[in-house]
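Here is the structure we will look at.
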Amino acid sequence: MPNVFGIPLIGFIQMVLGTVIIVFLLIKFLTRPKKNKKGEYLINDVHIIVGDGTEKEHQYVYIKGGKIMELSDQPIEKKNVQVIDGEDKTLMPGLIDSHIHIQGGFKCHSEEESDVFLNEEMPRIFSEDVLPYGITTIKDLDAPKHFICKLRDKLRSGEITGPELLIVGPNFTTPEGHPANTLGTNSEWARNEMAITVTTPEEVSAGIKELKEAGVDFLKFTYQGGDYWYFDKKITIQKIDKELMKQIIREGEENGLKSTAHVFYYDDVWELLEAGIYGIEHGILDRDIEPDDPIIELWKKSGAHFVPTVNAMTYEKDPTRMAHSIHNLKVIYDAGIPIAMGTDNMFETMAGNVEHKELEYYVEAGLTPMQAIMLATKNGAEHLGIADRKGQVKVGMEADLILLDKNPAENISNISSIDRVFRKGEIVYSQKTIQSYDVPDFAFPENLKTAEYFNSDTNESRIVNVERFESEGIITQTILRNGEDWAQEEFTLENNLSAVKWHYSRPSDNTKLDVFRENGIIYLKGTFKGKEQDKSYKIGDGLWYQMMDMSLPAFAASKLDEILFYPIGTGDNRGAMSLGEFAAKKIGDEEVTVNGKTYSCIKVSLVLTMFSWAWTGLFWYDKETNMLIQSGVKKGNKEKIAQTIKELKYK
C-alpha cells in the first residue's frame, strides 16, 4: 500500500477527513447565533418618569444584574441583549404600596390552612393580582406572624416570585382592641397570630423582643377606641393605654424599629405626634383640617410620615370619613408633610387595581398626576427606608420598573395601560399584544325576533332576542334552567357584534355586573357570587365577544379564517372574572340535521389559547341565515353535540 509522508494512504485519508470535520464543527460553533444574555435588556427611545417629579424624553436604558446600569439620551450599544422598543411608551418606577394586608384570617383558621394558602394561593395571587398592576414593593401592616415570615423568606429565596415584602408582624393592641376582637374573632389562631395584646409595660417589652427576633421592619399598634364597624357588625373597641403607646415608640426606637399607628381621630393623631410616632396610618377622619390648624405645625415639627388609605374609606359606614380623608390629604400634602401611598388592600380578596384607584383619589383630592405618582414611588421608598435603591429610574437603582403604553403623568388613569413589569431586572409580567380584526358589519335575518336553543346535558335553554339590534345595537339573552329564569343579559354591540356595554344578572348566587368599554379598557363593577367586583381589563382594539357563540356569526359570515377574541368568564372555573383569550377557526363546511331539517353550515372550532390542549368547542353556523344551529365539544376524535337550535321566531 502506498504511503504519504510515511503514513499509509488509508490512514492519511482518515486523518485528513477527521481534520476537515473538526474544522467544520469549530467554524459552526464559532459562527453560531448568539443567545441573548438572560437578565440583560436595552429599552430604546423611551419616555421616563423618574419618580422625583421630573421626566426625560428619548432615553436609552440598560438593565443588567437586576439594576439600571446605564441611562443615556444617546443609543447604547450592547451585544446579545434583549432589546425592547420604547418608542411612544413610558418607563417609570414600580409602585410601592406602604399599607396592605396579604392575609386577614378570613380563609385560614389554623397553621395548616395557612400553609396551604401560602404554597398554593400566594404564587397565583402575586402573578395574577399584584405584579400585573406594577406593584413591586409592599409593606404588610398585619398578617398572621408565622405566615408572613414564611412568605418573606420564600420571596427572598426566589421560591415565590412577587414584590419585595416589608413586614410589621402582629399588631400591638388591647385585649378588646382592633385587630384582637375584630379579625381575631374569625378564630383563636388568627387572634394569637395577628395581635399582641398588652396591658402592662412588661408585655410591651416582651412583644418588642419577640418581633425583633422575628426580623420585622417596623412596629405597628392600634390607637383607636370607641365605636367600630367590623363589616356589618357595630362593636366597641378599646384604645391602648397612652403610656404604653409611648413605651412602644420609645422602646421600638431603642431596638432599631420605627413605629406606625392605625388611627382615625384628630385628638389621637395629636397625641401620637407629641409622642414621636414615625408613621400615621389612615389619618384624621373625624373632621376637616385647614392649613392654619395647629396640628399641621405640630406634624411638620415631628417629622412623622403619613400613609393615607383613601380607597379603604369607601368601605366605611360613615360617608363623611371619605370626604375628610380626601380633603385632609391635600392640606397635609400642601404643608410639605411626607406622604407615601397606602391602600389597605387585602390581597386575600382583592387585586392590584385598588392601587390604581388610590392614585386616582389623590388626583381627585387636588394633586397632579405626577405628584400622585411620586407618593407611590420616591416617597414610598423614603418612607420604607429603601430610597438608596428603589423608587426612581436612575443609574444604580434596582430595576423594579413599569413600561406603559400611555403616560400616566398626563392622565392618571393611564397607570392601567401596562405593557411590562420588571422586578429586579427580570420581566415578571408582559402584556400580550391584542390583535384587531376587520370583521365586517353583521345583519341578522330580516324580521328575526328571537332564537331559542336547548342544551340536553344541563336542561338549560336560552332565548336570544335580536329585534332591537338593528335600531339600537342591543341584544338580550335569557337563560333558563329547568324552565325557570336563571340569568339575564343585555349587550350593547358594535355592528360586528363586539361589545360596548354588558349587563349581567344572576340572582340565584347574587351576581350582578355592569361592564363597559372605553378607550381600549373594559371596566367591570358589581358583585360576583356575592363578592364585590371592581376590575379593568386592557383590550385595545381587540374583539370583545362577550356573547361568545352568538357573536361568532359575524366571523362565520366574514372572509376571515381565524380570529382571536376576548370574553369575561362568569362560570365556576379559574377564568371567572378574568378576560380570557379564545381562538376561533373555520375548519370546513358540513351539513347537519336538527329536528328533521338539514342545514348547510360553516363549521368553527374554538379553543382557550392558554389551555388549547384541554378543550375544543365546535359550532355550526347556517350559511343561509348565519345563525348558530348546534354546538358541542371534541375530545380526541369524538364529537359530542350538546346544544341545538329549537326555534327561530320572526316578527
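The values are calculated or read from the model by the stated rules, or taken from the named source; none is laboratory data. As the structure is a prediction and not an experimental result, all values here were calculated from the model. FYI the Cβ positions are ideal-geometry reconstructions off the backbone, even for glycines, and counts take in every protein chain you see. Just the protein is used for accessible areas: all its heavy atoms, side chains included, with ligands, DNA and RNA removed. Shrake-Rupley method; radii C 1.70, N 1.55, O 1.52, S 1.80 Å.
General observations
- Full-stretch length increase - Ala323, Glu446 - with 0.36 nm per residue and alpha-carbon distance subtracted: 38.9 nm
- The charge dipole of the stretch 530-626, taken about its Cα centre with unit charges on the Cβ atoms of Lys, Arg (+1), Asp and Glu (-1) only, comes to about 140 debye.
- The Kirkwood hydrodynamic radius of the stretch 50-170, based on inverse pair distances between different Cα atoms, is 16.8 Å.
- Cβ-Cβ FRET estimate between Lys623 and Asp405, R0 fixed at 35 Å, reported to 0.05: 0.30
- Ser578 accessible area, 1.4 Å probe, all protein chains in place, Å² to nearest 10: 40
- Sorted on the mean count of surrounding Cβ atoms within 10 Å across their residues, most packed first, peptides 92-99, 374-381, 219-226 read 92-99, 374-381, 219-226.
- Unit charges on C-beta of K, R, D, E only; dipole of the chain, Debye: 2540
- Here the stretch 78-166 is treated with +1 on each Lys and Arg Cβ and -1 on each Asp and Glu Cβ, and its dipole about the Cα centre works out to around 420 debye.
- Extension reserve of the Phe106-Glu77 stretch, reckoned as 0.36 nm per residue once the Cα distance is removed: 5.2 nm
- Computed over the stretch 491-573, the Cα gyration tensor eigenvalues convert (square root of 5λ each) into semi-axes of 25, 14, 11 Å, ordered from largest to smallest.
- Based on the Stokes-Einstein relation at 37 °C and a viscosity of 0.692 mPa s, and on the Kirkwood radius from alpha carbon pairs, the stretch 390-516 is assigned a translational diffusion coefficient of 174 µm²/s.
- Over all directions, the projected convex hull of the C-alpha atoms in the stretch 459-500 averages 3.1 nm² in area.
- Rounded to whole Å, the principal axis extents of the Cα atoms in the stretch 577-651 read 39, 31, 19, largest first.
- Extending 7 Å from Cα along the Cβ direction at Ser127 and again at Lys603 yields two label points whose distance is 3.5 nm.
- Considering all C-alpha pairs of the stretch 189-246, those separated by over 13 Å amount to 69%.
- Kirkwood-based shape ratio for the stretch 128-170, expressed as Rg/Rh from alpha carbons: 0.96
- The share of C-alpha pairs in the stretch 121-213 whose separation exceeds 20 Å stands at 43 percent.
- Potential lengthening between Lys531 and Glu213 on full extension [0.36 nm per residue; Cα-Cα distance subtracted]: 110.7 nm
- Alpha-carbon centroids, the stretch 581-651 and the stretch 439-513: separation in whole Å: 18
- Accessible area per residue (1.4 Å probe, heavy atoms of protein chains only) ranks Asp88, Asp153 as Asp88, Asp153, with the largest value leading.
- Across the protein chains, with a 1.4 Å probe defining accessible surface, the residues Thr598, Thr343 rank Thr598, Thr343 from largest area downward.
- Both radii come from the Cα set of the stretch 375-443: Rg as radius of gyration, Rh as Kirkwood radius; their ratio Rg/Rh reads 1.18.
- Sites Thr54 and Ser430 - FRET efficiency at Förster radius 30 Å, r taken between beta-carbons, to 0.05: 0.65
- With helices as the sole contributors, the chain gives -6500 deg cm²/dmol at 222 nm; each DSSP H run of n ≥ 4 counts as -39500 (n - 2.57), and the sum is divided by every residue.
- Fraction of the pair-distance distribution of the stretch 495-651 above 25 Å, Cα-Cα pairs, percent: 37
- Close amide H pairs (under 5 Å, H built 1.01 Å from N) link Lys67 with Ala399, residues at least 5 positions away or on another chain.
- Taking the square roots of 5 times each eigenvalue of the Cα gyration tensor of the chain, largest first, gives ellipsoid semi-axes of 49, 40, 24 Å.
- Met346 accessible area, 1.4 Å probe, all protein chains in place, Å² to nearest 10: 20
- Per residue, the chain exposes an accessible area of 46 Å² to a 1.4 Å probe, with every protein chain left in place.
- Size descriptors for the stretch 233-372, from the alpha-carbon set: Rg then Dmax equal 15.2, 41 Å.
- Projecting the Cα atoms of Trp544, Leu493, Tyr362 onto the dipole axis of the chain, where Lys and Arg carry +1 and Asp and Glu carry -1 at the beta carbon, places Trp544 farthest toward the positive end.
- Where labels lie 7 Å past Cα in the beta-carbon direction, separation of Lys301 and Phe454 in nm: 8.3
- Globularity ratio of the stretch 405-464, using Cα Rg and 2.2 N^0.38 Å: 2.12
- Compactness relative to 2.2 N^0.38 Å, alpha carbon Rg of the stretch 297-411: 1.10
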